[in-house]
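Please treat every number below as a calculation from the coordinates, not as lab data. Being a predicted model, the structure only gives us computed values, none of them experimental. Here the Cβ positions follow ideal geometry from the backbone for every residue, glycine too, while neighbour counts run over all protein chains shown.
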Amino acid sequence: MSTAAVAVGTDGTEYSNAAVDWAAHEAQRRRRPLRIVHAFDWDRQQTRSPAGAEYADRARTFAEGIVATALDRARALAPDIAIRTDVLVGHAVPRLLEAAQDADRLVLGSRGRGGFAGLLLGSVSQRVATHAPGPVVVVRGRGGPAGGPIVAGVDDSPAADLVLDAAFTAAAEQQCPVTVVRAYLPVIPLWLVDVPAAAVETPEQDAQERAQLEEQLVPWRARFPAVPVGTVLTHEGASLALVEASRQARLIVVGSRGHGALAGALLGSASLQLLHHAACPVLITRPRPA
């Protein structure tokens, strides 16, 4: 049985170069092959004319140059793994979703060509992260300080086990701590409704929530006894707490959905906010289709 590759999408921008670097380090560390993918699109009808065919040839040459440059970057960082490159014809979103089908995970930059200067997350990255059939990493900020923890954002939804599995596994591989962040809104007396929830002291509710969190972590502490574990319980919104935690993290892991997600939504609001504002790479976990 072949080993699933770490796949990375590239378009030659500085953002995708950061994704290629991260993916190469990840593949090297985990001893997995690396697949570098670039998708380019053109109107097939236009290729029937001499001018259209010439444009298609130039576009393919440009695309092959992009993956060749990415291959050189990856090979310099990960000399001991198998690396494959693919130039795919078609719109980036569906082609990257296809690449994610059999990948261990798909790695993307936070923005790409055509992104407006004021946008914090490109439309391709957001759409792929929203619809991918497996785990997606969006590389934001820096790769993470050497001593930074892996942060896991959890609630008590079924998605939490996937998040904790990914976070503890990565922490064991990288020999670093895990920080588990859980945000909840306490029941506040009516006379305090105008006070921010984060400023209200609710020791009894906090104790109950902390006990539930510790119970949730029991099997993971037992499975990974060498991984140091810290916990953060906060009344702040989940997205705000996780963005703050990302400033000191090497990686932040969240689920594709959680409490409060609309029935038709494929990416929870906290995860989406992280993709826009996190200061480190973000791993979106999700169960693969049966």
* **Fewest-first sequence of Ile150, Ile36, Ile66, Ile83 by Cβ atoms within 10 Å of each Cβ** => Ile83, Ile66, Ile150, Ile36
* Work out how much length Ser269 to Gln205 would gain on full extension: take 0.36 nm times their residue separation and subtract the Cα-Cα distance, in nm to one decimal. => 20.6 nm
* Structure fact -> Ranked from fewest to most other Cβ atoms within 10 Å of their own Cβ, His235, His276, His91, His38 fall in the order His91, His276, His235, His38
* At what distance in nm do the modelled label points of Asp102 and Asp86 sit from each other, each positioned 7 Å from its Cα along Cα→Cβ? -> 0.8 nm
* To do: Kindly list the residues of region 12-32 that lie in the label zone of Phe62, defined by a backbone N under 14 Å from the point 7 Å along the Cα-to-C-beta vector.
  => 12-13
* Asked: Quick one: Leu164, Leu34, Leu272, fewest Cβ neighbours within 10 Å first, how do they rank?
  -> Leu272, Leu164, Leu34
